[in-house]
Amino acid sequence: MTRANLPVDGARLWADLMELAAITEPGRPYTRRSFTPLFLEGRDWLAGRFRAAGLAVRMDTGGNLFGRLEGSDPEAGTILIGSHSDTVPSGGRFDGTAGVLTALEIVRSLRGSGIRLRHAVEVVDFLAEEPSEYGLSCIGSRVMAGLMKPEMLDYREPGGERLGDAMNRVGADTARLAEAMRSDVAAFFELHIEQGIVLEGQGIDLGIVTAIAGIARAEIRFAGRADHAGSTPMHLRRDASLAAARLVLLVNEEAKRNAAASRGHFVATVGVLEQHPNAANVIPGDARLVVDIRAEDHALAQDFLAMLEAGSRAIAEDSMVARSGWTVLSNTTPAACDAALRGLLAEGARRLGFSYLDLASGAGHDAAFVARFAPSSMIFVPCREGRSHCPEEWAEPDAIAAGAAAIYEAVLRFDAEHRKPS
Ligand code: HGY
Ligand code: MN
Ligand code: MN
């Protein structure tokens, strides 16, 4: 898809994307994990780009980074555009960063064309959207939505650091999280790669997201007894890995059953599977699993959690081990995207001559948390073979520019039409 005369500079945007992608762990591209020195290096780079574009740079108490361009009407409120700059381990170059950098490109293009909106426009890089080593995702947007529970700040990463301390270390202020909550956001737009195969498979230029699946994550621990793998008779073993393997099977079988139940999008997997001491000739004494559940139907996800709680207890008993831990790490409801903003994105796509499709998101996004406090919308661009969360992740420059242009058009239209409720 190529369209001449887009209102944004696709080449400049692409150059930014590749420059930020180069800030990665050299040994496992593309990795810029939240709270790490590399993440902070990426943020410094972003802040520099925001300043170079003439934006006022600040960080809120939730650790979110903003670049702000004032509007002509201080009563009009703020149009927020952005995503996240942290990655999964060995992730891609576009998940999150495409949303932050298209936001920057949109503001640069508005300024470059001499357009002064009534609304202020803010580019945002939300803190730690990906599930971090502390066991929680969407940290910055969760704070903005007022949904960061105090006990979550005590979550610890394997080295023992508290999440709250890590947040303060990167510039947040966990003693003043409430100050990050906003009432001035009139609209939020997030561009993201689809991380699925629908758009590419149907040759559609853009996806307009209808709803974002709810995410539940549960941590389960089994405690058996480490013993000699060669001399311990089978009937005396208390093998934690046996219980773990049975739980993986249970998750897969029950998720497939739910997915076929025609109650909307439903998937689940065991994304974290650790056993200790993880040595060939030692019967694993301990196992730790984190189950990731996505559902459009919130009640179905709650039923699945209840099944997991009972099922893991039964598996432990049957495997002669103890279930030594059951924690629901997070449990968010599905989020609907704002119908009026979806209409503006569709109109923008039409005006630019792009095909588009309404579709739900199985992936979680900051937009789901923004939807708790402001009208929130997302536009998807195709990614090659639907691949994401891997170095093979790829999106075409023209596709990203098209998504940026559709948001640009929607922002102009929103600014012209939206009057703050008196
Ligand atoms: O896990 C997700 O759904 C998102 O990519 N963070
Ligand atoms: Mn992701
Ligand atoms: Mn993402």
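Computed from the coordinates by the stated procedures, all read-outs in this text should not be read as laboratory data. Just so it is clear, the model here is predicted, and its values are computed rather than measured. Cβ placement follows ideal geometry from the backbone for every residue including glycine, while neighbour counts extend to all protein chains displayed.
If the elastic network links every pair of Cα atoms under 10 Å, which of Gly264, Gly403, Gly159 fluctuates the most in the Gaussian network model of the chain?
Gly159
Just in the stretch 19-117: which chymotrypsin sites (Phe, Trp or Tyr not before Pro) are loop by DSSP and have at most 12 other Cβ atoms within 10 Å? Before the final figure, lay out the partial values.
Working: sites: Tyr30, Phe35, Phe39, Trp45, Phe50, Phe66, Phe94; in loops: Tyr30, Phe35, Phe94.
Passing sites in the stretch 19-117 do not exist.
For the chain, find the longest principal axis of its Cα atoms and tell me its angle to the long axis of helix 397-417, 0 to 90°, nearest 10.
Helix 397-417 sits roughly 60 degrees off the main axis of the chain.
Taking the chain as a Gaussian network, Cα atoms linked when under 10 Å apart, which of Val121, Val209, Val328 shows the biggest mean-square fluctuation?
Among Val121, Val209, Val328, the largest mean-square fluctuation in the Gaussian network model of the chain belongs to Val328.
For the stretch 214-331, what does the convex hull of the Cα positions come to per residue, in cubic angstrom? Mind showing how you got there, number by number?
Values: hull volume 10.1 nm³, N = 118.
Cα convex hull per residue, to the nearest whole number: 86 Å³.
Just report the Cα centroid separation between the stretch 337-387 and the stretch 168-184, whole Å.
27 Å
Indicate, rounded to the nearest 5 percent, the antiparallel portion of the DSSP beta bridges found entirely in the chain. If you can, show how the numbers build up before the last one.
On the way: 44 of 66 bridges.
That works out to approximately 65 percent antiparallel.
Taking the convex hull of the alpha carbon atoms in the chain, what volume per residue do you get, in Å³? Walk me through the numbers before you get to the answer.
Details: hull volume 59.9 nm³, N = 422.
Considering the Cα atoms of the chain, their hull volume per residue is 142 Å³.
Roughly how far apart, in whole Å, are the Cα centres of the stretch 241-293 and the stretch 96-164?
Centre-to-centre (Cα) distance: 30 Å.
What longest region of the chain stays clear of GluC sites (Glu not before Pro) that DSSP places outside H, G, I, E and B and that have at most 13 other Cβ atoms within 10 Å? Provide the component values of the computation, followed by the final result.
Working: sites that count: Glu75, Glu392.
That would be 76-391.
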